[in-house]
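Report on one structure; see the data block that follows.
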Amino acid sequence: QVQLVESGGGLVQAGGSLKLSCAASGTIFSADAMGWYRQAPGKQRELVAIISGTDSTKYADSVKDRFTISRDNTKNTVYLQMDSLKPEDTAVYYCNAVIRRSFGGGTVNYWGQGTQVTVSS
């Protein structure tokens with residue numbers, strides 16, 4: 001089994017910064033794409049940022065130039081550095097990872113439990 005454990009959420013004032021971490025543990029051969037999604041109250045879950053196994057990145061337009069996604073493959077961990085936070089960034093942030101559990105095996109999509117980020121004005 002594979003688990004994704006997120007940390008780093010919390011309450012911050014507008015203009016502040018937070019760094020989210022998500023560590024994958026369990027039976028893992030490799031982690032392919034890893035990413036962050038968020039869901040605000042009354043809204044659908046949306047992509048925030050994603051990083052491929054070759055470190056190419058993609059960001060939602062709303063967070064470009066403010067958020068930075070990175071990963072440490074030795075720790076199967078993905079990070080999200082969030083700067084210049086705005087009240088509209090308030091949401092539950094979910095980690096996502098596409099995991100290959102064995103050599104030549106297929107991939108499985110896993111989700112973390114979510115971490116709350118609240119930005120006050």
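Just so it is clear, none of the values below were taken in a lab; they were calculated from the coordinates. The shown structure was predicted, so the numbers you read here are calculated from the model rather than taken from an experiment. Positions of Cβ are generated from backbone atoms using ideal geometry, with glycine treated the same way; all protein chains shown enter the neighbour counts.
When Lys and Arg each count +1 and Asp and Glu each count -1, what net charge do the other residues less than 13 Å away from residue 98, Cβ to Cβ, add up to?
+2
Within straight cross-link reach of residue 86, meaning Cα distance under 19 Å, which lysines are found once same-chain residues fewer than 8 apart are removed?
Candidates past the 8-residue exclusion: 19, 43, 64.
How large is ³J(HN,Hα), in whole Hz, for each residue of the stretch 54-69 in order, when computed from phi with the Karplus curve 6.51 cos²θ - 1.76 cosθ + 1.60 and θ = phi - 60°, using x for Gly and Pro?
Karplus values, whole Hz, x for Gly and Pro: 9, 6, 6, 10, 9, 10, 5, 4, 5, 10, 4, 6, 10, 10, 9, 9.
How compact and how long is the chain, expressed as Rg and Dmax of its alpha-carbon atoms in Å?
In order Rg, Dmax, the Cα atoms of the chain give 14.2, 49 Å.
I want to check the label-to-label distance for residue 70 and residue 5. Put each point 7 Å from Cα in the C-beta direction and report it in nm to one decimal.
Distance between the two pseudo-spin positions: 2.2 nm.
Nothing charged except the Cβ atoms of Lys and Arg (+1) and of Asp and Glu (-1): what's the magnitude of the dipole of the chain about its Cα centre? Round to the nearest 20 debye. The partial results should precede the final answer.
Working: 12 positive and 10 negative charges, 39 e Å.
So the magnitude is around 180 debye.
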